[in-house]
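**Q** Take this structure first; my questions come after.
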Amino acid sequence: HFISSDREGCESEGRRRLHYPPHLPAMKRSSPENEEAASSTEKRRQRSPSFQQPSDVLHLNVGGTLTAVLRRTLTSIEGSMLASRFSGRWDDSLEKDRDGNFFIDQPIGLFQPMIDYLRAKACETMLAPPVTSPEFDDVRKLKDFVRMVEYFGMTAGIYPTELEMCRGEISASKISGHPHLSVISSEYATFTLETRGHKRPIRSFSVILGDVEKIEIGLVRANHFVKKLRKGDHRGVGMERYTFCLDCSQGGLLYEGSFTKLDGLSTEKGTLIRCENKGERWLVNGQVVASSIALEDSFHLPPDLQQYSLIPAFSGKGSWQVCEVELDPMISDHKTSISHL
């Protein structure tokens, strides 16, 4: 009896304490249906592109192995297919496993080195050794890795190339890096396009002319140009030793000062010039203007230039953009044999 009276007193006191003030609405117990609807709405809101943040932690299933990666790591290479895929716009349509993890149909042994490289680049500093591209002892694994990197559109980020001035006044030129490799130079200067952190040589590249007063687009033997910047007058690509170029101003090919005229060759602002297979073929606006077959009876590279790798080089005054850079699939030892031009 006493227990019953005490319980009734406590319940009565509790009801008095839980009475809401007149100005506040009484709380309603949410139903399971309401909770499910609210959860669904929240999930849709979080999946919307405006909600996605670079700091999002994305849970991935890579070939059966679970891992977690920041969204900004996956999207760090601007313009790549991987960056577009995980931008947040397509999260709803991407493949997922039964637990909701994003599924990537690649071996973890290939995908993880790529992610580790991107992570290392994100925290790279001048006080530490530079970050180098992933390397593999197994040739087949290297080929598979290169194939995967190119599939995701990551080649320019994983195997970077950079423009570097090697002749001229630094204050007179402006160089832009990846993803928009370009040069603006108010004085005649020479630049090279080289790889950084890896040994895959450049096989082909294109140049879009801007406002140029004079420009030579060509190749130089690897390691010929000294890294220390030379100031003052210089002869430019095609005139210096171990250099070969398409001389857009004169309309022909130039090798160590020896000129070969190409009939009908003319360029202007907006002209697209393509150098393929380390100088074996040249195209202007999609039309072949010189090739190894066409010039086999009149132009040959000397043996000392044939037995070494060549790197792109440019001498000019004005503005131009470098694009469509294509790398060799395999590592070079800088003694790659090439046929005559």
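**Q** Which condition breaks for LEU265 when tested against (1) within 21 Å of PHE191 (Cβ to Cβ); (2) assigned to a loop (DSSP other than H, G, I, E, B)?
**A** If we test LEU265 against (1) within 21 Å of PHE191 (Cβ to Cβ); (2) assigned to a loop (DSSP other than H, G, I, E, B), just (1) comes out false.
**Q** Quick one: GLU150 ticks every box in (1) within 28 Å of LEU219 (Cβ to Cβ); (2) acidic (Asp, Glu); (3) open to solvent by less than 30 Å² (accessible area, probe 1.4 Å) except a single one, so which number is it?
**A** (3)
**Q** Right, here's the next one. Quick one: in the stretch 66-80, which of the residues that are open to solvent by 50 Å² or more (accessible area, probe 1.4 Å) and over 14 Å from the mean Cα position of the chain (by Cα) is farthest from SER55 (Cα to Cα)?
**A** Among residues in the stretch 66-80 that are open to solvent by 50 Å² or more (accessible area, probe 1.4 Å) and over 14 Å from the mean Cα position of the chain (by Cα), the one farthest from SER55 (Cα to Cα) is LEU66.
**Q** What residue, of ALA68, ALA128, is free of Cβ contacts under 8 Å to residues at least 40 places away in the same chain and part of a loop (DSSP other than H, G, I, E, B)?
**A** ALA128
**Q** Taking the criterion of being open to solvent by 50 Å² or more (accessible area, probe 1.4 Å), among the aliphatic types (A, V, I, L, M), closer than 30 Å to THR243 by Cβ and free of Cβ contacts under 8 Å to residues at least 24 places away in the same chain, would at least one residue in the stretch 167-183 satisfy it? So that I can check it myself, show each step before the final result.
**A** Filtering the stretch 167-183 down to residues open to solvent by 50 Å² or more (accessible area, probe 1.4 Å) leaves 169-171, 174-175, 178-180.
So of that shortlist, the ones also among the aliphatic types (A, V, I, L, M) come out as 170, 175.
Still in the list and also closer than 30 Å to THR243 by Cβ: 170, 175.
Filter once more, keeping what is free of Cβ contacts under 8 Å to residues at least 24 places away in the same chain: 175.
Yes, that holds for at least one residue.
**Q** Output yes when any residue across the stretch 189-212 is farther than 24 Å from THR161 by Cα and either part of a strand (DSSP E or B) or modelled with pLDDT under 90 (or both), and no when none is.
**A** no
**Q** Consider ILE170 carefully, then state whether it is modelled with pLDDT of 95 or more and closer than 24 Å to GLY197 by Cβ.
**A** no
**Q** For the stretch 131-145, which positions are open to solvent by 80 Å² or more (accessible area, probe 1.4 Å) and among the acidic types (Asp, Glu)?
**A** GLU135, ASP137, ASP138 - these are the residues of the stretch 131-145 that are open to solvent by 80 Å² or more (accessible area, probe 1.4 Å) and among the acidic types (Asp, Glu).
**Q** Which is over 27 Å from HIS178 (Cβ atoms) and touching a Pro at 6+ places or on another chain (Cβ under 6 Å), of GLY88, GLY63, GLY100?
**A** Exactly one of GLY88, GLY63, GLY100 is over 27 Å from HIS178 (Cβ atoms) and touching a Pro at 6+ places or on another chain (Cβ under 6 Å), namely GLY63.
**Q** Can you find a residue in the stretch 113-130 that is touching a helix residue (DSSP H, G or I) at 6+ places or on another chain (Cβ under 9 Å), open to solvent by 30 Å² or more (accessible area, probe 1.4 Å) and of a type in the set (S, T, N, Q)? Walk me through how you get there before you give the answer.
**A** Taking the stretch 113-130 as the starting set, the residues that turn out to be touching a helix residue (DSSP H, G or I) at 6+ places or on another chain (Cβ under 9 Å) are 113-115, 117-119, 121-122.
Next cut, open to solvent by 30 Å² or more (accessible area, probe 1.4 Å) only: 113, 119, 121-122.
If we keep only those that are of a type in the set (S, T, N, Q) as well, we get none.
Within the stretch 113-130, none of the residues are touching a helix residue (DSSP H, G or I) at 6+ places or on another chain (Cβ under 9 Å), open to solvent by 30 Å² or more (accessible area, probe 1.4 Å) and of a type in the set (S, T, N, Q).
**Q** Separate question: If VAL237 meets every condition in (1) modelled with pLDDT of 90 or more; (2) assigned to a strand (DSSP E or B) apart from one, which number is that one?
**A** (2)
**Q** Please work out which residue is nearest to ALA156 (Cα to Cα), limiting yourself to the stretch 283-328 and to residues that are modelled with pLDDT of 75 or more and hydroxyl-bearing (Ser, Thr, Tyr).
**A** Result: SER309.
**Q** Oh, and also: Can you name the number of the only condition in (1) surrounded by 14 or more Cβ atoms within 10 Å (Cβ to Cβ); (2) modelled with pLDDT under 90 that SER266 fails?
**A** Of everything listed in (1) surrounded by 14 or more Cβ atoms within 10 Å (Cβ to Cβ); (2) modelled with pLDDT under 90, SER266 misses just condition (1).
Okay, residues lined up against (1) over 15 Å from ARG71 (Cα atoms); (2) assigned to a helix (DSSP H, G or I); (3) free of Cβ contacts under 8 Å to residues at least 60 places away in the same chain; (4) more than 22 Å from the chain's Cα centre (by Cα):
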residue: TRP90; (1), (2), (3), (4): no, no, yes, no
residue: SER93; (1), (2), (3), (4): yes, no, yes, yes
residue: GLY100; (1), (2), (3), (4): yes, no, yes, yes
residue: PHE103; (1), (2), (3), (4): no, no, yes, yes
residue: GLN106; (1), (2), (3), (4): yes, no, yes, no
residue: ILE115; (1), (2), (3), (4): no, yes, yes, no
residue: ARG119; (1), (2), (3), (4): no, yes, yes, no
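The values are calculated or read from the model by the stated rules, or taken from the named source; none is laboratory data. Quick caveat, the model's predicted, so the values are computed rather than measured. Please note: Cβ atoms are built from the backbone with ideal geometry, for glycine as well, and neighbour counts cover all protein chains shown. These accessible areas exclude ligands, DNA and RNA; they are computed on the full protein's heavy atoms, side chains included. Shrake-Rupley method; radii C 1.70, N 1.55, O 1.52, S 1.80 Å.
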